[in-house]
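Here, each number is a calculation from the coordinates, and none is a lab measurement. Note that this is a predicted model, so its numbers are computed, not measured. Here the Cβ positions follow ideal geometry from the backbone for every residue, glycine too, while neighbour counts run over all protein chains shown.
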Amino acid sequence: MGYVAVKGGTEAIEASLKRLTYERLRGREVIEIKTIQSTMRGLIDQVMSEASLYEPNLAALAIKQAEGSMEEAVFLLRAHRSTLPRLYYSQTVETDRMFVERRISASFKDIPGGQLLGATSDYTHRLLDFQLIHETKEAIEQWLTDYEQERSPKLPSKNLIYFSKVVDYLREEGLFTEHEVDNTPPDDITKKSLEFPASRSERLQTLTRGQTGAVTSLGYASLRGYGQVHPTVGEVRVGMVPIYVAPPNETTEDQENDYYIGEVKITEVESFVPVTKNYNQQENDLEFEIGYGICFGQNETKAIAMSILDQCLEHPEASFPTHDEEFVLLHIDSVESTGFISHLKLPHYVTFQSKLDSVRGVKQEVRKNAK
Amino acid sequence: MVTWRQVTMNLEGGRGMMNRRRRTEILIQGNSDLAREFAEHIMEHYPYREVMSPRYGLTMIKMRETAKNSLFHLGEVLVTEAKVEIKQQIGIGIVIGMKEELAKHLAIIDSAFKANLKETKEWEERLLEEEESILTEKIKKQTELLETRVQFETMDM
């Protein structure tokens, strides 16, 4: 049989787009961008992290336009990002200058400054709160007024605390290897496609913008035995980090001349992983290595899972899929994975007809031989 | 034995140099009325040229990770940038988010400092006051957060 090329569907597509708008509007309710931004913190953080673009307003707009579909919202934000010029690279951000809002350690009970729970759902009962169905603006105002009054009006100290890293103390004690400051300019996966073996900077950039579900699943797989990493969380911290850029067209390297441009919220994790090292070819020493996880916004599960995968990928010698950088890095990006999966529903008439032809041919052959 | 220490910043931090880093921290973290007031004063009293109207763009965040001490790119943040010229000095305003007005005001203030206008000396006191107010607010917020600090008790078994 011959193949017939077809075209068409323009009118159907236009009608379909109209139908999509109808589905979004038929409830006759308007959701404000401000409402999404004020009430959907977790969703916004996830969209920004997976899109690799920090802008809460646009993330809220993407969520509205996508009717809450994560993959669509991430796609929209990533596409928008590609329309904007890159004006600057920041000065190196060091997280010891973070304004910490939450900070916990699973390795030490007592850490300097203490364990700060901040705002977390970790200790909630996970029972649906049916009172929220009837929540009113007045009730919100009342709750906030009561909360303000509960707070102590006095400042207990004149000091603002910048919490040191738990890992720094362990390094001082010689329990962890002290790595020299490495100022090798990092690679950028948005400028040059991944090639293998990937550099550490490419691995971290790919992991931090990975889809939350995919990163979590692969991290979990490693814990369950499809990998060799089972860490103890040294520190999870959530907070705001300041961003600075160097003045363009000025020769000075004095950082006091930098522009402060604002701050972004991040989650950062250091996981401690015991490893056996053989130094004298006789004795096996037990040491700790660190897995590093980080992402935009507050998304602790993703950051912890990333720290596991970071450590896995540092040890490619292990024969598990979670230690294979090609397997991990090429399958965790939201736009790439959802894009490729969903392309399967687009017309494949020609390729499928070709497959049908092959099957018909084989069947015919079988029938002929059977006679 | 592990020894713990922590870095602090206090309200008696002193006056020091009002360099660009410190100035932009105050103008962006503080009340945006301050930047508006400074910029409007300059616009009223000096001729200025808008070299670049506020535009949106990206800044790639470069980070140091704490496992191997190496550098990598965390992702991009949307910024608004503006450029203004006063007395042959081009000032730049850059701020995270979609903030056209603030970016322009920051550019005017930046060029005012570059051109060494006399007003910039008069601003110092206001900037220091705002800085103290920002720090007080931060300490207040931190005090509230410290209410969520865990007090462990060892149980008798």
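From the Cα gyration tensor of the stretch B:48-117, with a ≥ b ≥ c the square roots of its eigenvalues, which class applies: rounded if a/c is under 1.5, or else prolate if a/b is larger than b/c, or else oblate?
prolate
Can you tell me the alpha carbon radius of gyration of the stretch A:11-81 divided by the globular rule-of-thumb value 2.2 N^0.38 Å?
Scaled against compact globular proteins, the figure is 1.16.
In whole Hz, what ³J(HN,Hα) sequence does the stretch A:261-267 give by Karplus (6.51, -1.76, 1.60; θ = phi - 60°), x for Gly and Pro?
10, x, 9, 10, 8, 9, 10
Residue-wise, which Karplus ³J(HN,Hα) couplings in Hz belong to the stretch A:342-351, taking 6.51 cos²θ - 1.76 cosθ + 1.60, θ = phi - 60°, and x for glycine or proline?
6, 5, 5, 8, 7, x, 10, 4, 5, 5
Using a Förster distance of 25 angstrom, determine the FRET efficiency expected from the C-beta separation of A:Trp143 and A:Asn57, and round it to 0.05. Before the final figure, lay out each step's value.
Details: r = 26 Å, r/R0 = 1.02.
So, using R0 = 25 Å, E works out to roughly 0.45.
Between A:Gly239 and residues 5 or more places away or on another chain, which pairs have amide H atoms under 5 Å apart, with H built 1.01 Å from N, and which residues are they?
Amide H neighbours of A:Gly239, under 5 Å, 5+ apart: A:Glu101, A:Ile266.
Could you give the angle, 0 to 90 degrees to the nearest 10, between helix A:212-221's Cα long axis and the longest principal axis of the Cα atoms of chain A?
80
Please check: in the Gaussian network model of chain A (C-alpha springs, under 10 Å), which one of A:Leu43, A:Leu346, A:Leu223 has the largest mean-square fluctuation.
Comparing A:Leu43, A:Leu346, A:Leu223 in the GNM, the peak value goes to A:Leu346.
Bin width 5 Å, alpha-carbon pairs only: give the P(r) of the stretch A:98-240 as whole percents, running from 0 to the bin holding the largest distance.
2, 6, 8, 11, 16, 17, 13, 9, 8, 6, 4, 0
Looking only at Cα atoms, what is the convex hull volume of the protein assembly as shown per residue, in Å³?
284
Based on the Cβ-Cβ distance of A:Leu223 and B:Met17, what FRET efficiency does E = 1/(1 + (r/R0)^6) give at R0 = 60 Å, to the nearest 0.05?
After rounding, the FRET efficiency stands at 0.75.
Would you mind estimating how fast the stretch A:179-271 diffuses translationally, via Stokes-Einstein at 20 °C and 1.002 mPa s with the Kirkwood radius over Cα pairs, in µm²/s?
In µm²/s, the coefficient is 128.
Short version: what are the Cα gyration tensor semi-axes of the stretch A:49-180, square root of 5 times each eigenvalue, largest first, in whole Å?
Numbers: eigenvalues 218, 173, 58 Å².
The three semi-axes for the stretch A:49-180 are 33, 29, 17 Å.
Roughly how far apart, in whole Å, are the Cα centres of the stretch A:312-354 and the stretch B:106-128?
First find each Cα centre; the distance between them is then 54 Å.
Once you average over the residues of B:88-98, how many Cβ atoms of partner chains fall within 10 Å of each Cβ?
4
Which residue, A:Tyr220, A:Tyr244, A:Tyr147, tops the fluctuation ranking in a GNM of chain A built on C-alpha contacts under 10 Å?
A:Tyr147
Work out the FRET efficiency for A:Lys277 and A:Gln65 from their Cβ-Cβ distance, taking R0 = 60 Å, and round it to the nearest 0.05.
Computed FRET efficiency for A:Lys277 and A:Gln65 comes out at 0.70.
Write out the chymotrypsin sites (Phe, Trp or Tyr not before Pro) in the stretch A:1-104 meeting two conditions: DSSP loop, and at most 14 other Cβ atoms within 10 Å of their Cβ.
Qualifying residues, ordered by number: A:Tyr3.
Name the long-range amide H neighbours of B:Thr66: under 5 Å, sequence gap of 5 or more, or other chain; modelled H, no Pro or chain starts.
none
As a test of the definition: which semi-axes, in Å, follow for chain B when you take the square root of five times each eigenvalue of its alpha carbon gyration tensor? Largest first, please.
After diagonalising the Cα gyration tensor, the semi-axes are 38, 21, 14 Å.
Pulled fully out, how much extra length does the chain show between A:Leu128 and A:Thr177, if you take 0.36 nm times their separation in residues and subtract their Cα-Cα distance?
Full-extension gain reported as 13.0 nm.
Label points 7 Å out from Cα along the Cβ direction at A:Glu287 and A:Lys34: separation in nm?
In this crude spin-label approximation the distance works out to 5.6 nm.
Pick out which of A:Leu76, A:Leu58, A:Leu344 has the largest mean-square fluctuation in a Gaussian network model of chain A, springs linking Cα atoms closer than 10 Å.
Judging by the Gaussian network model, the answer is A:Leu344.
Starting from the Cα of B:Glu129, step 7 Å along the direction of its Cβ; do the same at A:Ser157; then give the gap between the two resulting points in nm.
It is 2.9 nm.
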